[in-house]
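Worksheet: one structure, shown below.
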Amino acid sequence: MKIGITCYPTYGGSGVVATELGIELAARGHDIHFISYAMPIRLDGASEHIWFHEVEVTTYPLFDHPPYTLALATKMFEVAEENSLDLLHVHYAIPHSVSALLARMMASPRRLPFITTLHGTDITLVGNDRSYLPITRFSIEQSDGVTAISNYLRDRTLREFEIKRPIEVIPNFVNCDLYMRSNDAENRAKWAPNGEPILMHLSNFRPVKRITDVIEIFALVHEKIPAKLVMIGDGPDRGAAEYVVRRKRLSQDVLFIGKQQHVQEKLGLADLFLLPSDEESFGLAALEAMACEVPVVATNVGGLPEVVTHGVDGYLFQPRDVASAAKYALDILTLPDRGRMMGQMARTNARARYCSKDIIPRYEAYYEQVLNSAGSSARAAK
């Protein structure tokens, strides 16, 4: 198939999933055309089946903000026409599904179906700003196919948007052959020269991720045992987190290493992963850690209970309850095996439910279903 994929190319779960999906599909022989305003963050490998098309937005004095939605729709249409795309797959409803809808209309009478994948913030954002609800509902209902990354997100979308159409749940995934435990003692020693346990966090450092809570949890752990904390990523709350680190005199034990391309190489060195978010529709970072045999201590919100099994491959706690999170972290790190058995169970569960080799065929089957349905509709309209 020839597939156009649009996502936000930033350091967030939706962009990561979209990029990894394109890479996996290309490896299976499909032609993948990424259409966005910048190269997706993890699209760093060359492939004869992957192309990137940059959306250029011209700034006019008349506009306070560049009309990205219209520029994207135009680019989608042009790429589809020039490369005979079979379908468009947009990640994140606002505004990508609206752009895809416009592109489909421009492509008429040639049928250009599009699939919208809901990732979370595109739905929860509307819950906070109702002015987006009508256009988001309309674009979802006009999509030829709609998927959600968790049962939680599907149910919330159906309930809050009063959607009458079916939404297919296809969860996030991880390449289990790439994400695995690392035995690189030399690199571990760079962070923990005296063999201290390594706690880790990975995100885009937005307020919803509760970055300062990560530091507070670590501070409580650090009071009981020597430990190191590695913070992967960057974003608006990094400054606040660094301030808490300095105030608690933890600068020697907390490392901010910024955005990383091959995060599996870092996650595979951790002993524990922290994810204290206020909201997570799935928790991709938690899954990536679990695939690397790292137990997870995360909040009991959104789709995270579908990923982390409390007391089996990690622990779940109520948002902002840093004391409980620290207790769970210590329960794991003070085990005789420092949580290795729980980490092995984490990988076992990740492999059983969320490996790309099992999830990608579900996307392929859904593409075929949408294409067959679109073809039937086109024939019926003649």
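The values are calculated or read from the model by the stated rules, or taken from the named source; none is laboratory data. None of these values were measured; they are calculated from a predicted model. Positions of Cβ are generated from backbone atoms using ideal geometry, with glycine treated the same way; all protein chains shown enter the neighbour counts.
For the reader, a short list of remarks on this structure follows.
- Yes/no for Val245 being assigned to a loop (DSSP other than H, G, I, E, B) and of a type in the set (Val, Ile, Thr): no
- Any hit, the stretch 178-190, residues being of a type in the set (Gly, Ala, Ser) and out of contact with any Gly (no Cβ under 6 Å at 6 or more places or on another chain): yes
- Restricting the stretch 29-48 to residues that are in a loop (DSSP other than H, G, I, E, B) and modelled with pLDDT of 95 or more, the residue that is surrounded by the most Cβ atoms within 10 Å (Cβ to Cβ): His30
- Within the stretch 226-249, being more than 21 Å from Leu267 (Cα to Cα), of a type in the set (A, V, I, L, M, F, W, C) and either in contact with a His (Cβ under 8 Å, 6 or more places away or on another chain) or surrounded by fewer than 16 Cβ atoms within 10 Å (Cβ to Cβ) (or both) holds for one residue alone: Ala240.
- Of all residues in the stretch 218-230, those that are in contact with a helix residue (DSSP H, G or I) (Cβ under 7 Å, 6 or more places away or on another chain), within 14 Å of Gln252 (Cβ to Cβ) and of a type in the set (A, V, I, L, M, F, W, C) total 3.
- Scope the stretch 182-192; condition at pLDDT 95 or above and not in a helix (DSSP H, G or I); matching residues: Ala192
- Count - residues of the stretch 313-349 that are in a loop (DSSP other than H, G, I, E, B), within 23 Å of the chain's Cα centre (by Cα) and under 30 Å from Glu20 (Cα atoms): 2
- Unique residue being over 23 Å from the mean Cα position of the chain (by Cα) and at pLDDT 95 or above when the list is Ala241, Ala219: Ala219
- Taken together, Val98, Val79, Val55, Val17 contain a single residue that is buried (at least 18 other Cβ atoms within 10 Å of the Cβ), in contact (Cβ under 8 Å) with a residue 40 or more places away in the chain and farther than 26 Å from Ile359 by Cβ, which is Val98.
- Just one of the numbered conditions (1) in contact (Cβ under 8 Å) with a residue 24 or more places away in the chain; (2) under 24 Å from Gly12 (Cα atoms); (3) not β-branched (Val, Ile, Thr) is not true of Met345: (2).
- Residue in the stretch 204-216 that is polar (S, T, N, Q), outside any loop (DSSP other than H, G, I, E, B) and more than 19 Å from the chain's Cα centre (by Cα) present: yes
- Single condition Leu371 does not satisfy, out of (1) in contact (Cβ under 8 Å) with a residue 12 or more places away in the chain; (2) closer than 30 Å to Gly195 by Cα: (2)
- For the stretch 350-365, the condition of being touching a Gly at 6+ places or on another chain (Cβ under 8 Å) and in a helix (DSSP H, G or I) holds for none of the residues.
- Verdict on Asp253 being without any contact (Cβ under 8 Å) to a residue 60 or more places away in the chain and assigned by TED's automatic domain parsing to the domain that holds Val297: yes
For (1) in the same structural domain as Glu306 (by TED's automatic domain parsing); (2) in contact with a helix residue (DSSP H, G or I) (Cβ under 8 Å, 6 or more places away or on another chain); (3) closer than 30 Å to Arg351 by Cα; (4) surrounded by fewer than 18 Cβ atoms within 10 Å (Cβ to Cβ), each residue gets a yes or a no:
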| residue | (1), (2), (3), (4) |
| --- | --- |
| Val126 | no, yes, no, no |
| Pro134 | no, no, no, yes |
| Ile140 | no, yes, no, no |
| Ser143 | no, yes, no, no |
| Ser150 | no, yes, yes, no |
| Arg154 | no, no, yes, no |
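- So Ala291, is it more than 22 Å from Glu223 (Cα to Cα), in the same structural domain as Thr212 (by TED's automatic domain parsing), buried (at least 20 other Cβ atoms within 10 Å of the Cβ) and touching a Pro at 6+ places or on another chain (Cβ under 9 Å): no
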